[in-house]
Amino acid sequence: MFNLILFGPPGSGKGTQSEKIVDKFGLIHLSTGNLLRQEISGKTALGLQAQNFMDKGQLVPDEVVIGMVDSYMEKHPEARGFLFDGFPRTAAQAQALDRLLSLRKTEICKVIALEVSEEELVKRLVKRGETSGRSDDTNEEIIRKRFAVYKAETEPVAEHYRSKNKLERIKGEGTIDEIFSSISNCIQAEMSNHSVSAQ
Ligand code: B4P
């Protein structure tokens, strides 16, 4: 299997780029943000629990997210690889992902980290909030809280992968196509290291 992580702060374009990546490279998209929002719109017990955290700009508890990821992977035994978008976001999630993958006799091949300045991120999220109806995007104070959580809990996860020589940092500012072109080059190089074809 060929597994990737798309890493970066809130609003860095993970969701935007993921759609293009799965389209081109035939991976299964696993976005914990999307899975949580589906649970919320379905008004499930998990969704109601998650909404409380997301509305405050906090992370949903690890055990909830990890269980959700495990069951999504179970539903896709045919996958030639997964693109993890917005996961892992804590050290405990990164360790759990290593375990889930090793049980399936596979591992993460590359982590692509999108780098975007905080001012640009705030602009993007405030703009998205005008149309998306996402409650976590409408208030600048909540957006700033999400960045603080990112710095404290998520940014250190990059080190877990850098120390294994799996981290590639990519500039996440510019047009969506320019950024996708840099990401594609990185994935293609990695696929040829692993002798995997693009589709
Ligand atoms: P996510 O759904 O993961 O979303 P995100 O980090 O806010 O945004 P993303 O980086 O995907 O940005 P996008 O492409 O949409 O998380 C939401 C919440 O869910 C978290 O705060 C947390 O509470 C919870 N959660 C999720 N995963 C979790 C986990 N593993 N553990 C615990 N809790 C978890 O882009 C943003 C905007 O920018 C869009 O409007 C887009 O159109 C625009 N944009 C994109 N690229 C652009 C570009 N190049 N130029 C200009 N604009 C651009």
**Q.** HN-Hα J in Hz across the range 67-77 - Karplus 6.51, -1.76, 1.60, θ = phi - 60°, x for Gly and Pro
**A.** x, 5, 5, 4, 6, 5, 5, 4, 6, 10, x
Q. What does the helix-only formula give at 222 nm for the chain: each DSSP H stretch with n ≥ 4 adding -39500 (n - 2.57), the total divided by the residues, and the result rounded to the nearest 500 deg cm²/dmol?
A. -17000 deg cm²/dmol
Q) Mind ordering 6-15, 72-81 by average Cβ neighbours within 10 Å, highest first? A) 6-15, 72-81
Q: Could you tell me which of rounded, prolate or oblate describes the chain, using a ≥ b ≥ c as the square roots of the eigenvalues of the alpha-carbon gyration tensor, with rounded for a/c under 1.5 and, failing that, prolate when a/b is larger than b/c and oblate otherwise?
A: oblate
Q: Report the extension gain between Arg134 and Ser163 in nm, rounded to one decimal, defined as 0.36 nm multiplied by the number of residues separating them, less their alpha carbon distance.
A: 6.9 nm
Q) Which residues' amide hydrogens lie under 5 Å from the amide hydrogen of His29, considering only partners 5 or more residues apart or on another chain, with H built in the peptide plane? A) Leu83
Q | C-alpha center-to-center spacing [the range 105-181, the range 26-77] in angstrom | A | 18
Q. Quick one: if you stick a label point 7 Å off each Cα along the C-beta vector at His194 and Lys171, how many nm between them?
A. 2.7
Q: Check cross-link reach from Lys127 to the lysines: straight Cα distance under 28 Å, and skip same-chain residues fewer than eight apart.
A: Lys14, Lys20, Lys24, Lys43, Lys56, Lys145, Lys151, Lys171
**Q.** Cβ-Cβ FRET estimate between Glu178 and Lys75, R0 fixed at 35 Å, reported to 0.05
**A.** 0.55
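FYI, it's all coordinate maths here, none of it is from the lab. Since the model is a prediction, treat every value here as computed from it, not as a measurement. Ideal geometry is used to build each Cβ from the backbone, glycine not excepted, and the neighbour counts take in all protein chains shown.
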